[in-house]
Amino acid sequence: MKLIRFGPAGTEKPGVILADGTRIDVSRFGSDYDEAFFGRNGLKELERWIEGNGASAPRVAPSVRLGPPICRPSKIVCIGLNFRDHAAESKMEIPKEPVIFFKSTSSLVGPNDALVIPRNGKKVDWEVELALVVGKKATYVPREQALEYIAGFALHNDYSERSFQLERGGQWVKGKSADTFAPLGPFLATPDEVPNPANLSMWLKVNGELRQNSSTANMIFDCAALVSYVSEFMTLLPGDVISTGTPAGVGLGMNPPQYLKVGDIVELGIQGLGESSQQVIQLS
């Protein structure tokens, strides 16, 4: 399945994209895509509901805004330097273990919502990433069982304010957590829709110019390794997000570095996970 949430920001309703591309409203199913939904194996319940009710469910027009495809999770865990080429352009060593940092859950927005440059922001950067959503409570998960804990995958742009990240005390989370810095979606694809998450093409453009062009095959630590590793250090709850890192081509790595400005258009996509687009605006 492909899960969506649609409508005005803050009042989104749950929906699904059918195999023929039709968007349907599944509000009558009775549950949004939150921790409780994933924790009780709501995906299976929803699948059965659609079999019996999908034909009569209200349709959602293509013009209706899409929000993030999940409710605000308990945490967004990000993995740094997980592509060899990105570590090289950042002039940092290949990590021996995954680098973990957090992104505030209040940064979560819809896939095509505007990117707002935060107050005093001067070096806003882009990062196309594959995000996975945890499907059940995970603690000390063996690597060989880790894929069983994944509810689905989504496109994510891990926006960063590099001056906050690198020049304001060295805390990455400060550069990652501004409002609008985590556009997610357009949809959450269940694992059956993504048979090989370890080999998905991914790209990002700024004002039509290709900046990132890579594949998840270039990740240092794959999805199973990341779920297992992160679960050693914290309990992952249903609906939590792990964003798996970005390839080379970020603004910080250019010579000289280039950052986003008001009016810029960022477009990105991952094979099988759709595309998104954000226009850059200034905090009023």
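The values are calculated or read from the model by the stated rules, or taken from the named source; none is laboratory data. Being a predicted model, the structure only gives us computed values, none of them experimental. Here Cβ is always computed from backbone atoms with ideal geometry, including for glycine, and neighbour counts include all displayed protein chains. Accessible surface is based on the protein model in full, side chains and every heavy atom, while ligands, DNA and RNA are left aside. Shrake-Rupley method; radii C 1.70, N 1.55, O 1.52, S 1.80 Å.
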>> Compute a Gaussian network model of the chain, connecting alpha carbons closer than 10 Å, and tell me which residue from Leu236, Leu188, Leu210 fluctuates the most.
In response: Leu210
> According to the square roots a ≥ b ≥ c of the eigenvalues of the Cα gyration tensor, what is the shape class of the range 153-217, taking rounded for a/c under 1.5, prolate for a/b larger than b/c otherwise, and oblate for the remainder?
Replying inline: prolate
> For the chain, which whole-number percentage of the solvent-accessible area (1.4 Å probe, protein heavy atoms only) is attributable to carbon and sulfur atoms?
Replying inline: 50 percent
>> Loop-only trypsin sites (Lys or Arg not before Pro) in the range 158-266, please: DSSP not H, G, I, E or B, and at most 13 other Cβ atoms within 10 Å.
In response: Arg168, Lys261
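Gain in length, Phe233 to Ser63, computed as 0.36 nm per residue apart minus the alpha-carbon separation, to one decimal in nm? Before the final figure, lay out each step's value.
Working: separation 170, 0.36 × 170 = 61.20 nm, distance 4.20 nm.
Gain on extension, Phe233 to Ser63, equals 57.0 nm.
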> Residue-wise, which Karplus ³J(HN,Hα) couplings in Hz belong to the range 44-52, taking 6.51 cos²θ - 1.76 cosθ + 1.60, θ = phi - 60°, and x for glycine or proline?
Replying inline: 5, 4, 5, 4, 5, 4, 5, 4, x
>> As I understand it, the dipole of the chain uses +1 on the Cβ of Lys and Arg and -1 on the Cβ of Asp and Glu, about the Cα centre. Which of Val206, Ala36, Gly263 lies farthest toward its positive end?
In response: Gly263
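Taking the Cα centre as origin and putting +1 on Lys and Arg beta-carbons and -1 on Asp and Glu beta-carbons, what dipole magnitude results for the range 149-189, to the nearest 20 debye? Don't skip to the answer; put the middle values down first.
Values: 4 positive and 4 negative charges, 19 e Å.
The calculation lands at about 100 debye.
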>> What distance in nm separates the two pseudo spin-label positions at Lys44 and Asn120, each 7 Å out from Cα along the beta-carbon direction?
In response: 5.1 nm
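Place a +1 charge on the Cβ of each Lys and Arg in the chain and a -1 charge on the Cβ of each Asp and Glu, then give the dipole magnitude about the Cα centre in debye, rounded to the nearest 20.
Details: 29 positive and 32 negative charges, 126 e Å.
It comes to approximately 600 debye.
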> Mind checking the dipole of the range 46-193: about its Cα centre, +1 per Lys or Arg Cβ, -1 per Asp or Glu Cβ, Debye to the nearest 20?
Replying inline: 600 debye
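For Ser106 and Met254, FRET efficiency with R0 = 25 Å and r from the beta-carbon atoms, rounded to 0.05?
0.30
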>> For the chain, place one equal point scatterer on every Cα, skip the solvent, and apply the Debye formula. What is log10 of I(q)/I(0) at q = 0.09, 0.10, 0.11 Å⁻¹?
In response: -0.39, -0.48, -0.59
> Points 7 angstrom from Cα along the Cβ direction at Ser215 and Asp32: gap in nanometres?
Replying inline: 3.9 nm
>> Suppose each label sits 7 Å from its Cα in the direction of the beta carbon; what would the Lys137-Glu51 distance come out to in nanometres?
In response: 2.9 nm
> Once the other residues with Cβ under 11 Å from the Cβ of Asp192 are scored (Lys, Arg +1; Asp, Glu -1), what is the net sum?
Replying inline: -1
> Lys13: which lysines have alpha carbons under 16 Å from its alpha carbon, excluding same-chain residues fewer than 8 sequence positions away?
Replying inline: Lys2
> What FRET efficiency do you get for Leu18 and Ser90 if R0 is 51 Å and r is their Cβ-Cβ distance, rounded to the nearest 0.05?
Replying inline: 0.80
>> Need the full-extension length gain, Leu283 to Glu97, defined as separation in residues times 0.36 nm minus the C-alpha distance. One decimal, nm.
In response: 63.3 nm
>> Please check: in the Gaussian network model of the chain (C-alpha springs, under 10 Å), which one of Ala57, Ala178, Ala114 has the largest mean-square fluctuation.
In response: Ala57
>> Just to confirm the number: angle between the C-alpha axis of helix 223-233 and the first principal axis of the chain, 0 to 90 degrees, nearest 10?
In response: 80 degrees
> So which of Lys103/Lys174; Lys91/Lys174; Lys123/Lys261; Lys75/Lys174 end up more than 18 Å apart by C-alpha?
Replying inline: Lys91/Lys174
